[in-house]
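Here is the structure we will look at.
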Amino acid sequence: MPPPSLPRHKHTGVCPPARGAVIAALVRAQPAPVWLVVTENLRAAEQLAEDIAFFHAAAEGSAPLRALVFPESTPDGADMREAFATSSDRLTVLSHLRATRGLGRTPDTLVVTTTPAALLQSVPALEEFATREITLTRGQAQPFQGLIEALHALDYDSEAVCEAPGHYAVRGGIIDVYPVTTTQPYRLDFFGDEIESIREFDPVTQRSGAAVESVSLAASPRVRLGVSQTGLADYLSPGTHLLCVEPAALDGEFSALARAAHDAFAPLLARCAAAFGMSDLDEASWLFDEATTEATWDTESLAHHRRYPDDALVAQERLSVEEDARHEFLRQIATWRKAGYDLVIVSAKEGEEQRAQEILAEHPDLKGLQPRWLRGGMNEGFRITFREGADSDLMWAGVGRPPPVIKHGWGRPPQKKNQSPPGRKADTQSRA
């Protein structure tokens, strides 16, 4: 059972495409150093990390935010490269959580999206993890040979060229190193036994990039560390906010995993300052049956208003049906616009935005739409309506006057849920 004093906030009416925008709004309205977002599977966690970072960056005046995915450990016998990448992604999250542990409100926010299984799997003991993580700072006195020995102790591989996580390369007074917890390598330029500069560098061109003040080197996933007795809870700040997406659907998995792990969920809840439940429908959930507050959102997927050609259609017939469906969809958007909705169109590339502008310009009745254009990636479009008297702190500040309509990918159907997950892409960082 959750601690009696734990504030629990229930949010219903949030359709899957709108989750990222609503979570980004909650993150701004309820500041915390860490938000732990639990969802059904890894694919959903990856999509949420992307959407949260995008919508947070779209809001004016938002503080820096880093969104990371905490995946499940790979089973024994899995592909070695896949296992190494997954372990590195888990270590990345642990490193960032450890950096925020014990802090109150901070200018930066860390959002970790994960699954119940990943959340309750074993992690290295905090003390051992800390002793195996080295932080290097520009201007720091650091014996050159001593660092090479330290990298060997962390089980990094010495290579002629540093181009993959867990590699390092030595050239004269320079050490190139690719930490297992970052998405790019770094070049350490020494002057004697002092680190004169630290720069990012491109592993393909081997050219130096932006200067940084410090870099942390965690041990390779191949290094075996002792296991934490209380799991991920040891790494969490006391001010952590826990958010469960569709908590009723997670209940069964949480219960089974908690029993198998001797109620590992209890220490985690004890470290949280508040818990949030987010769902489309109002369904019973043991964690949010007695919620402190309840809020109902009015959202719907744009997929309900968009027709797509039958797979059997080909050539000109398919193009004709697609064009008719697009015009029908745009007329619906025009109707919403007249009803007082704002319109925001998200495009991944400049060419997509130009094509969308051309389509709107082709029809006289669509010229008055006056959308706001945003550049970035969004997984699926949705409509959100703010009713009179709604909490203004939770409105989508900076993206448009509420209520907005969001539209994305009108030439493509929504992504199928069973498509294979992408490669390693655990770190999504946004700045306003």
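The values are calculated or read from the model by the stated rules, or taken from the named source; none is laboratory data. Owing to the predicted nature of the structure, the values given are computational and were not obtained by experimental measurement. Neighbour counts are summed over all protein chains in view; Cβ atoms, including those assigned to glycine, are modelled from backbone coordinates with ideal geometry. We work out accessible area using only protein heavy atoms, side chains counted, and drop any ligands, DNA or RNA first. Shrake-Rupley method; radii C 1.70, N 1.55, O 1.52, S 1.80 Å.
Worth a mention:
- Accessible area of region 132-175 divided out per residue, in Å², using a probe of 1.4 angstrom: 50
- Subtracting the Cα-Cα distance of E82 and E353 from 0.36 nm times their residue separation leaves 94.0 nm of extension gain.
- From the alpha carbon centroid of region 161-228 to that of region 306-353 is 47 Å.
- Taking the protein heavy atoms of region 1-135 in the context of the full set of protein chains, the accessible area attributed to carbon and sulfur is 52 percent at 1.4 Å.
- Qualifying trypsin sites (Lys or Arg not before Pro) for region 346-389 [loop in DSSP, other Cβ within 10 Å: at most 14]: K349, R387
- Cα-centre dipole for region 182-224 with unit charges at Cβ (Lys and Arg positive, Asp and Glu negative), debye to 20: 360
- Cα centre as origin, Lys/Arg/Asp/Glu Cβ charges: region 276-389 dipole, Debye: 660
- Region 270-348: chymotrypsin sites (Phe, Trp or Tyr not before Pro) in DSSP coil with no more than 14 other Cβ atoms inside 10 Å: W286
- Between A270, A248, V223, the Cα set farthest toward the positive side of the dipole of region 190-290 (charges on each charged residue's Cβ, about the Cα centre) is that of V223.
- Region 244-355, accessible surface, carbon-and-sulfur percent (1.4 angstrom probe): 49
- Fraction of accessible area attributable to carbon and sulfur, region 158-206 (%, probe 1.4 Å): 47
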